[in-house]
Amino acid sequence: MRGFALDIEKKLRELERMQKVGVPPGTHKALGQQFRDALNDWRPRLEDLRREVTETARVLPLDVATLVDAQQLMNNGVIEQEPDAIMLASVLRDLGSGAAPSLFINRNSRDFGPDVKRLLRPLLCQLISTFTDGLGRLRAEIERGARGPAQGA
């Protein structure tokens, strides 16, 4: 990234030399420094993101029982690929620990199809196959929660 920032600064310096462009002298240094500062700002953003994730997320189980469940999912033809089976087994095991409305958001709709939806439904978990749709659903749930329980009826 540093090389990229230096390259931009060099290009801006060249523009400053061209009087017809009208770039004020010293612009290359100021913009180059702003660019480097922005590139170096990733650490605090990463730490903020890490803190937010660790405050709201939980690690799903990955133990012998999960691996056995994954093998059964593969043997039953629900999932073909072992990594997908392990992920699904872990999600199912976590959902089984306490039924609460949940979402399983995964872009791989070919491997997580109708059989998976049938497994998730009794556990109050909806499979969503695009991150955009998942984000929309989460925002709708947050909005609904902010409004409080439905009135009347």
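The values are calculated or read from the model by the stated rules, or taken from the named source; none is laboratory data. Predicted model only: the values in this text are computed from it and were never measured. Cβ coordinates were reconstructed from backbone atoms using ideal geometry, including for glycine residues, and neighbour counts include every protein chain displayed. Just the protein is used for accessible areas: all its heavy atoms, side chains included, with ligands, DNA and RNA removed. Shrake-Rupley method; radii C 1.70, N 1.55, O 1.52, S 1.80 Å.
Applying the condition of being over 18 Å from ASN75 (Cβ atoms) and touching a residue at least 12 places away in the same chain (Cβ under 8 Å) to segment 106-120 and asking which residue is farthest from the chain's Cα centre (by Cα) yields LEU120.
Of the residues that make up segment 41-51, is at least one out of contact with any strand residue (DSSP E or B) (no Cβ under 9 Å at 6 or more places or on another chain) and part of a loop (DSSP other than H, G, I, E, B)? Yes, the conditions are met somewhere in segment 41-51. Take the conditions (1) surrounded by 15 or more Cβ atoms within 10 Å (Cβ to Cβ); (2) within 19 Å of the chain's Cα centre (by Cα); (3) polar (S, T, N, Q); THR66 misses just one of them, which is (2). Pairs, please: C-beta under 7 Å, at least 6 apart or cross-chain, first residue exposed (fewer than 14 other Cβ atoms within 10 Å of the Cβ) and in segment 121-132, second assigned to a strand (DSSP E or B)? So the pair list comes out as LEU124/SER102; PHE131/ILE105.
For segment 71-85, filtering for residues that are of a type in the set (Asp, Glu) and within 17 Å of LYS117 (Cα to Cα) leaves 2.
Against the conditions (1) closer than 21 Å to GLN81 by Cα; (2) within 21 Å of the chain's Cα centre (by Cα), LEU103 satisfies every one except (1).
When SER109 is tested against the conditions (1) in contact with a Cys (Cβ under 9 Å, 6 or more places away or on another chain); (2) open to solvent by less than 100 Å² (accessible area, probe 1.4 Å); (3) at pLDDT below 85; (4) not acidic (Asp, Glu), the lone failure is (1). So in segment 90-106, with the set limited to residues that are among the hydroxyl-bearing types (Ser, Thr, Tyr) and open to solvent by less than 50 Å² (accessible area, probe 1.4 Å), which one is farthest from GLY136 (Cα to Cα)? That would be SER90. If you check ARG36, ARG58, ARG51 for being charged (D, E, K, R), at negative phi and at pLDDT 80 or above, only one passes: ARG51.
Is there a residue in segment 42-52 that is open to solvent by less than 60 Å² (accessible area, probe 1.4 Å) and hydrophobic (A, V, I, L, M, F, W, C)? Looking through segment 42-52, none of the residues is open to solvent by less than 60 Å² (accessible area, probe 1.4 Å) and hydrophobic (A, V, I, L, M, F, W, C).
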